[in-house]
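Report on the following structure.
The values are calculated or read from the model by the stated rules, or taken from the named source; none is laboratory data. What you see is a predicted model; the values in this text were computed from it and never measured. Note that we place each Cβ from the backbone using ideal geometry, even for glycine, and neighbour counts take in every protein chain shown.
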Amino acid sequence: MMNSYDFRKFKNQLFFILCVVCVIIAIIPLASILFEVTTRGARQLSLTFLTSTNSNGGIGPAIQGTLILVGLTSIIGVPIGVLSGIYLSEFGNNKYAQNLRAINNIITQFPSIIIGITIYGLIVLELGSFSTLAGTIALSFILIPIVTRTTEESLKLVPNNIREASLALGVRNWRTTISVVLPTAKNGILTGLLLAVSRIAGETAPLIMTILGSRYFFQGLNKPMAAIPLEIWRNALQPYPEAQAQGWSAALILILMVLIVNIVVRLASRSRMKT
C-alpha cells in the first residue's frame, strides 16, 4: 500500500504532467496559426512589397500608418493609463475611485466596434472626414482601460511591507509610490503595456469607422490613412489569389512588428535593470 510520502510524490508528478499537457494544448493552436501565416505569407515578402504603395502591390503606407497609429495612441494612452492605475491602487480608497474602477472595467469589456461607432459619431461626422486623429482617439479608448487595469493589479501585488518600510523612514506617500512601489512592479506594468499595444496593433473594426484606409502615405492628422489590419481585412475579402496572398503577407508583417516591439522593450528593460 502507498505510504504518505509516495502519495504526495505521485500527486506532484501527476500535477506536473497535467500542467505540461495543458501547456501543449494551449501551444498547438498558436503554433498552427504561426505556421500557416508564415508558410503562406513569406512567399510575397520583398523590399518592393514592404515599401511600395497599394497600386504597385505593396503595403508601405499600411506599415507607416500602423506605426503612426500605435505611436500616437501610446503617447496619449500610456501616461493616462499608468497614472490612473497608480491612483486606483495607491490613493483610490474612496467612493470616487470605486466608481472610476467600475467604469474602467465596463469600458474594458466594450466590443471595439462600439468604440469605433461612437468615435465616428462624435468626431468623424463633426470633422466631416475620416482621419488619423479619429483612429488614434478610438484606439486610445481601447488602450487606456487595459493599461489602467494591469497597472493597478501589478501595484497591488507589491507587499505592503515595502511601502511601510519607506514610510517609516519619513518618505512621503507620493515619493514612496514613485521611487519604491513603481520600480518593484515594473515588470508587471511593462507586461500590461505590451499586451495593450499588441491589442491595438491588430484592431480592425474601429479603424474601419475612423481612418477608413488610403492608398497613399501619411498626409496629415485630418486625412484618412492606411493600416495593416485594414489591408488584411480587405485583401481577405477579395476573390483573387494574388490579393489573398498579400493579405497573408500583411498578417505576417504585423506579427513580426509586434514581436520586434516586445523583444526590443524587454531587452531595453533588462539592460536598465543591470545598470
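A quick yes/no check of all residues on (1) modelled with pLDDT under 90; (2) loosely packed, with under 11 Cβ neighbours inside 10 Å; (3) in a helix (DSSP H, G or I); (4) in contact with a Lys or Arg (Cβ under 7 Å, 6 or more places away or on another chain):
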residue: 5; (1), (2), (3), (4): yes, yes, yes, no
residue: 16; (1), (2), (3), (4): no, yes, yes, no
residue: 21; (1), (2), (3), (4): no, yes, yes, no
residue: 34; (1), (2), (3), (4): no, no, yes, no
residue: 55; (1), (2), (3), (4): yes, yes, yes, yes
residue: 79; (1), (2), (3), (4): no, no, yes, no
residue: 83; (1), (2), (3), (4): no, no, yes, no
residue: 89; (1), (2), (3), (4): no, no, yes, yes
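When only residues in segment 4-24 that are more than 24 Å from the chain's Cα centre (by Cα) and among the aliphatic types (A, V, I, L, M) count, which is nearest to residue 250 (Cα to Cα)?
Only one residue fits best here, namely 24.
If residue 117 meets every condition in (1) free of Cβ contacts under 8 Å to residues at least 40 places away in the same chain; (2) over 18 Å from the mean Cα position of the chain (by Cα); (3) farther than 13 Å from residue 142 by Cβ; (4) in a helix (DSSP H, G or I) apart from one, which number is that one?
(1)
Taking the condition surrounded by 10 or more Cβ atoms within 10 Å (Cβ to Cβ), part of a helix (DSSP H, G or I) and β-branched (Val, Ile, Thr), does residue 25 pass? Steps first, answer last, please.
On the way: surrounded by 10 or more Cβ atoms within 10 Å (Cβ to Cβ): no; part of a helix (DSSP H, G or I): yes; β-branched (Val, Ile, Thr): yes.
No: the conditions fail for residue 25.
Give me the pairs: first residue in segment 99-114 and farther than 12 Å from residue 88 by Cα, second residue in a helix (DSSP H, G or I) and hydrophobic (A, V, I, L, M, F, W, C), beta-carbon distance under 7 Å, and six or more apart or on different chains, which are they?
Every condition considered, the pairs that remain are 107/141; 108/146; 112/142; 112/205; 113/205.
Please work out which residue is surrounded by the most Cβ atoms within 10 Å (Cβ to Cβ), limiting yourself to segment 239-275 and to residues that are at pLDDT below 90 and among the polar types (S, T, N, Q).
The extreme case among them is 262.
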